[in-house]
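The values are calculated or read from the model by the stated rules, or taken from the named source; none is laboratory data. Source: prediction; values computed, not measured. We place every Cβ from the backbone using ideal geometry, glycine too, and count neighbours over all the protein chains shown.
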Amino acid sequence: MRTAVRIINISLLILFVLGYVLLGVSLSPQPLSATSPRRTEIPRIPNEELDRIINMSRSFENSDSTMMESLIADRCSSFAAPSFIPKVVHFILFGNHFSLSGFAAVKSAQKHIQPYRVFMHIRDFPSDNELLKRAVEEFNVTVVPARNVQEIFGHSVRVPAHRSDVLRMEILLLFGGIYMDLDVFALKSVDELLQHEFVIGKQQRFFIDGLCNGILMAKPCSRFMLEWRRIYQTFIDERWEDHSVILPWVLSQATTFKNKQDLMHIEETSFHGASPEEVFSPTSTYDFSQHYFVHLWSSAVRQKPELFNLYGNDFNNYKAVDSPYSRLMKSILEEN
């Protein structure tokens with residue numbers, strides 16, 4: 001019964017947002033190109049631009065929702081997007097939960113993406129987390145203070161995961177780059193994707209299509225992300241995936257964006273294609289060779305005792321079990 005009610009509620013919300021999008025889409029005035037740009041050498045990001053990201057992040061640490069709205073509007077009103085997505089990686093950490101798999105996530109980004117800078121956006125730095133301090137030191141991570149997200153468009157944001165959802169959109173709209181959840185491993189170079197304005201991976205759960213925000217790649221002020229954020233005017237904190245997974249998929253199917261490679265690019269399976277069972281089960285033979293990333297789905301795995309109990313707290317026991325996860329961990333942590 002609860003599932004049926006949820007499906008009905010989602011359907012009604014989708015219909016509302018579809019009408020909102022079809023009647024109200026107002027893209028930033030940037031020229032569209034008929035074809036994707038030819039691949040050229042990805043330009044290095046000047047040190048002054050990296051310093052600007054750091055200084056700007058620190059300046060909006062205590063900004064409220066209204067100030068952020070003004071900041072994004074000023075930034076994007078006449079912004080000329082770069083030719084490539086900036087090759088910087090962003091992580092977000094709330095609280096003290098930085099595990100060995102999080103350490104591996106940061107190392108995988110350094111190893112395979114080879115970014116010009118890794119930023120860790122942290123609300124309150126957990127000074128007693130030795131693993132985090134080691135990651136910051138070993139991988140030359142730049143720690144910047146995260147904004148204390150409390151609301152968006154007048155709607156209260158209390159759920160930590162939703163606060164992170166809002167924050168990652170603000171970070172990429174202002175600075176651009178590659179956002180990764182701390183339960184995501186990079187598996188190979190993403191250079192060939194950097195020519196796009198916005199890149200996201202498809203997610204399918206319970207026969208409902210969605211776009212997962214656990215991995216995002218974007219130029220500053222990307223037009224899809226501007227419209228996605230605008231849909232947060234309908235935000236309801238009690239709904240888990242509506243604005244982070246389902247509604248971006250609905251938006252991507254609107255006439256403005258569907259099949260428009262100059263506006264957005266969707267990776268069908270190479271970001272989130274593997275299920276928790278295919279990642280963690282000792283009997284899994286899943287092939288990750290075509291994946292740019294693997295998503296561990298850590299929150300879902302914690303709800304599956306048959307998988308989580310194999311590895312113990314924070315998935316630290318990876319050497320005791322032979323599985324795709326353990327082999328990925330070994331390749332990241334133990335190989336140069």
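Residues that are within 16 Å of the chain's Cα centre (by Cα), under 30 Å from Arg327 (Cβ atoms) and assigned to a strand (DSSP E or B) occur in the range 216-237; there is at least one.
Does the range 158-169 hold any residues that are over 11 Å from the mean Cα position of the chain (by Cα) and either surrounded by fewer than 23 Cβ atoms within 10 Å (Cβ to Cβ) or at positive phi (or both), and which are they? Walk me through it before giving the result.
Of the range 158-169, the ones over 11 Å from the mean Cα position of the chain (by Cα) are 158-163.
Across the range 158-169, the qualifying residues are Arg158, Val159, Pro160, Ala161, Arg163.
In the range 48-60, the residues that are under 16 Å from Pro86 (Cα atoms) reach residues that are among the basic types (Lys, Arg) with C-beta atoms within less than 7 angstrom, at least six apart or across chains, in these pairs: Leu50/Arg117. Looking only at the range 147-162, residues that are within 24 Å of Ile85 (Cα to Cα) and modelled with pLDDT of 90 or more come to 0 in all.
Out of Val136, Val149, Val144, which single residue is in contact with a helix residue (DSSP H, G or I) (Cβ under 8 Å, 6 or more places away or on another chain), among the hydrophobic types (A, V, I, L, M, F, W, C) and farther than 24 Å from Gln233 by Cα? Walk me through how you get there before you give the answer.
Details: Val136 fails: in contact with a helix residue (DSSP H, G or I) (Cβ under 8 Å, 6 or more places away or on another chain); Val149 fails: farther than 24 Å from Gln233 by Cα.
Only one candidate passes the filter, namely Val144.
What about Leu100, is it closer than 30 Å to Gly154 by Cβ, touching a residue at least 12 places away in the same chain (Cβ under 8 Å) and crowded, with 16+ Cβ neighbours inside 10 Å?
Values: closer than 30 Å to Gly154 by Cβ: no; touching a residue at least 12 places away in the same chain (Cβ under 8 Å): yes; crowded, with 16+ Cβ neighbours inside 10 Å: yes.
For Leu100, the condition - closer than 30 Å to Gly154 by Cβ, touching a residue at least 12 places away in the same chain (Cβ under 8 Å) and crowded, with 16+ Cβ neighbours inside 10 Å - is not met.
Residue-by-condition table, conditions (1) assigned to a strand (DSSP E or B); (2) out of contact with any helix residue (DSSP H, G or I) (no Cβ under 8 Å at 6 or more places or on another chain):
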position	(1), (2)
His162	no, no
Leu167	no, yes
Leu182	no, no
Phe185	yes, no
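Within the range 289-314, being at pLDDT below 95, surrounded by 15 or more Cβ atoms within 10 Å (Cβ to Cβ) and closer than 16 Å to Gly214 by Cβ holds for Leu296, Trp297, Ser298, Ala300, Val301. No other residue among Val199, Val141, Val136 is surrounded by fewer than 23 Cβ atoms within 10 Å (Cβ to Cβ), hydrophobic (A, V, I, L, M, F, W, C), over 20 Å from Asn316 (Cβ atoms) and in the same structural domain as Asp64 (by TED's automatic domain parsing) apart from Val141. Going by what's in this entry, would Val245 be described as part of a helix (DSSP H, G or I), crowded, with 19+ Cβ neighbours inside 10 Å and more than 17 Å from the chain's Cα centre (by Cα)? Criteria not met by Val245.
So that you can scan it fast, the table gives a plain yes or no per residue for (1) over 26 Å from Phe84 (Cα atoms); (2) among the hydrophobic types (A, V, I, L, M, F, W, C):
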position: Asn96; (1), (2): yes, no
position: Leu100; (1), (2): yes, yes
position: Ala105; (1), (2): no, yes
position: Lys111; (1), (2): no, no
position: Arg117; (1), (2): no, no
position: Leu131; (1), (2): yes, yes
position: Arg134; (1), (2): yes, no
